[in-house]
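**Q** Below you will find the structure I want to go over with you.
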Amino acid sequence: MSYTMNILEQTIKKNPNEPEFHQALTEILPSLQPYIDSNPKIERAGILERLVEPERTVMFRVPWVDDSGRVQVNKGYRVQFNSAIGPYKGGLRFHPSVCLSIIKFLGFEQIFKNSLTGMPIGGGKGGSDFDPKGKSDREVMAFCQSFMTELHRHIGVDTDVPAGDIGVGGREIGYMYGQYKRLANCFNGVVTGKGLAYGGSFVRTEATGYGLVYLINEMLHQHGNSIEDKTVVVSGSGNVAIYATQKVQQLGGRVVALSDSNGFIYDPEGIDLDAVKEIKEVRRGRLLEYKEQYPGAVYTEGRGIWNIKCDVALPCATQNELNESDARELVKNGCIAVGEGANMPSTLEAAEVFLKSGVWFVPGKAANAGGVATSALEMCQNSARIEWSFLEVDHKLQDIMVNIYNSISEAAEEAGQKGNYIAGANIAGFKKVANAMLQQGVV
Ligand code: NDP
Ligand code: 2IT
């Protein structure tokens, strides 16, 4: 059995009941074999044995008091996966589905993603099974303060720098940062995604969605095509989906559908993003409300967004939201490109369908890396105590996304798998981390 398959099998056995982590391992490890074959030092130094085991995992209790005076308790997590190339960096997710398996899959992916950005950041992820939906501002604040009361002792500007993810946006980051500052008696850049008034960076809010579209547009350009005039389906209607939609529209494409966890909206005229932003960002409402303003739009309860005909599909909601039959339907309807704004939104089988059908498929660790890359730019500005303009940060983001596309494309070609951006992203991300680990000895 090959080295990578052996590690895959052993790691799955050692970590039972972690299906999402197993899925990420299965997607990544076997694709590294060609690179490892030509670099035998990697196996001798036990790089993979070490890479699959988080350097540290913190799990803790988060007690807080709800508006009716009752004590509530949630689970808190921070998985500090790998610090070979920089301090642990990665978001915090607040969603009822959060468990160790989900945080480990996200943390493991983050190692490769962060390496691809070219910035000095290691991989980590955290979160809680807390559900911000339907909670008052005061309840969200109480939860965030309690969460940070424990987390603060494990993080630091040169140790671990959290940010947002599902269920964690500007409001939650603000409450957590306020509590950190109070406990640590220190004003620094320990979290990213901060408000512009207290150390946040321009473009961080937009970065993941914008970066996704910059990368997909670059890929289309290099194939003699572009996003202009394309019909695009975007899933989700949160941070990533909203700013991906905005960038597609700015570049002349037409987004005809968005979704949330209840259903999806189809507006053949093109989605009115201001209406969506008002519903989602201001009222924290449901996408169903879009129909009140646009009776011509069709709202469908449940799954089914991938049955809508499109040229480009951008899954931007959550893991495993696009399965094999969705992929077949997209291919049948003439979809030419898929860019993952979310982390691991396509199942292994769906990704296989895209590869076999010749659809240009860019996995999340490359396509959505603009968010964490801009977080790293926020860290730079905080350390230097300076502020770059919107245009400066936006240009840096564009350069980073073009570089990522070039490096995953070259790595795929070097591995003899031209156009396989899954293998390309995994190998390109792995190289730098493996080299750093080799140089640092057995730690
Ligand atoms: P948000 O919380 O802002 O939005 C999430 C969206 O996805 C909402 O529309 C939500 O619907 C939907 N969604 C969440 N969970 C589910 C589910 N289980 N089933 C169906 N729909 C669901 O999160 P983000 O936009 O920040 O994150 C979206 C994805 O992008 C995630 O995979 C995240 O890991 C990834 N990502 C985020 C980055 C960032 O900078 N924020 C960076 C890189 C990747 P509803 O409102 O009904 O819950
Ligand atoms: O999945 C991700 O890359 C994020 N949620 C963003 C992480 C970050 O540190 O900005």
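**Q** In the stretch 103-121, whose amide N lies under 19 Å from the spot 7 Å out along Cα-to-Cβ of ALA384? List them in ranges.
**A** Only 117-121 pass the distance filter.
**Q** A further question follows. What ranking do 421-431, 18-28 get when scored by the average of other Cβ atoms within 10 Å per residue, highest first?
**A** Per-residue Cβ counts within 10 Å, averaged per peptide and sorted highest first, yield 421-431, 18-28.
**Q** Compare GLY123, GLY334, GLY69 in a GNM of the chain, Cα atoms joined below 10 Å, and give the one with the largest fluctuation.
**A** GLY69
**Q** Net charge within 15 Å of TYR290 by Cβ-Cβ distance, Lys/Arg positive one each and Asp/Glu negative one each, not counting TYR290 itself?
**A** Result for the neighbourhood of TYR290: -4.
**Q** Do the sum for the chain: with -39,500 (n - 2.57) for every DSSP H run of n ≥ 4, divided by all residues, what is the mean residue ellipticity at 222 nm, to the nearest 500 deg cm²/dmol?
**A** That comes out to -14000 deg cm²/dmol.
**Q** Is the C-alpha gyration tensor of the chain telling us rounded, prolate or oblate? Criteria: a/c under 1.5 is rounded; beyond that, a/b larger than b/c is prolate, otherwise oblate.
**A** rounded
**Q** A further question on this structure: Structure shown: which of LYS89/LYS277; LYS104/LYS309; LYS133/LYS277 lie over 24 Å apart, alpha-carbon to alpha-carbon?
**A** LYS89/LYS277; LYS104/LYS309
**Q** How much of the DSSP bridge set in the chain is antiparallel, in percent, rounded to the nearest 5?
**A** Percent antiparallel among DSSP bridges in the chain is about 55.
**Q** Pick out the long, greasy-scoring helices in the chain: whole DSSP H runs spanning 20 Å or more along their own axis by Cα, mean Kyte-Doolittle at least 0.0.
**A** What comes out of the filter, once short or polar helices are dropped, is 100-116, 137-151, 370-384, 421-439.
**Q** Could you give the distance between the Cα centres of the stretch 4-72 and the stretch 236-313, to the whole Å?
**A** Comparing the Cα centres of the stretch 4-72 and the stretch 236-313, I get a distance of 34 Å.
**Q** How large is the Kirkwood hydrodynamic radius of the stretch 236-352, counting all unique pairs of alpha carbons, in Å?
**A** Evaluated over the stretch 236-352, this radius sits at 14.3 Å.
**Q** Can I ask one more? Which distance in nm do the two modelled labels at THR57 and ALA45 give, with both placed 7 Å along the Cα-to-Cβ direction?
**A** 2.5
**Q** Still on this structure, please answer the following. Assign unit charges at the C-beta atoms only (+1 for Lys and Arg, -1 for Asp and Glu), then state the dipole size of the stretch 75-216 relative to its Cα centre in Debye, rounded to the nearest 20.
**A** That gives a dipole near 120 debye.
**Q** If you don't mind, there's one more thing I want to ask. Using a simple charge model, +1 on the beta-carbon of Lys and Arg, -1 on the beta-carbon of Asp and Glu, nothing else, what dipole does the chain show about its Cα centre, in debye to the nearest 20?
**A** 1120
**Q** Same structure, new question: Within a Cβ distance under 10 Å of LYS113, other residues only, what is the Lys/Arg minus Asp/Glu net charge?
**A** With Lys, Arg at +1 and Asp, Glu at -1, the net is +1.
**Q** Pull out a ≥ b ≥ c, the square roots of the eigenvalues of the alpha-carbon gyration tensor of the stretch 350-443, then state rounded if a/c is under 1.5, prolate if not and a/b is larger than b/c, and oblate in the remaining case.
**A** Values: a/c = 2.77, a/b = 1.41, b/c = 1.96.
Because a/c hits 1.5 or more and a/b fails to exceed b/c, the stretch 350-443 counts as oblate.
**Q** Treat the count of other C-beta atoms within 10 Å as a stand-in for reagent exposure and order SER407, SER237, SER136 from fewest to most.
**A** SER136, SER407, SER237
**Q** Within the P(r) computed for the stretch 131-209, what percentage of the Cα pairs occupies the region above 22 Å? Present the calculation step by step, with values, prior to reporting the outcome.
**A** On the way: 642 of 3081 pairs.
In whole percent, the share of Cα-Cα pairs in the stretch 131-209 beyond 22 Å is 21.
**Q** Same structure, new question: Report the local net charge at THR11: Lys and Arg +1, Asp and Glu -1, summed over other residues whose C-beta lies under 9 Å from its C-beta.
**A** Charge balance near THR11 sits at -1.
**Q** Restricting things to alpha carbons, find the Rg to Rh ratio for the stretch 43-156 using the Kirkwood radius for Rh.
**A** Working: Rg = 15.8 Å, Rh = 15.0 Å.
So for the stretch 43-156, dividing Rg by the Kirkwood Rh gives 1.05.
Each value in this text was obtained by applying a stated rule to the coordinates, not by laboratory testing. The structure displayed is predicted, hence computed values, not measured ones. Positions of Cβ are backbone-derived with ideal geometry, glycine not excepted, and every protein chain shown enters the neighbour counts.
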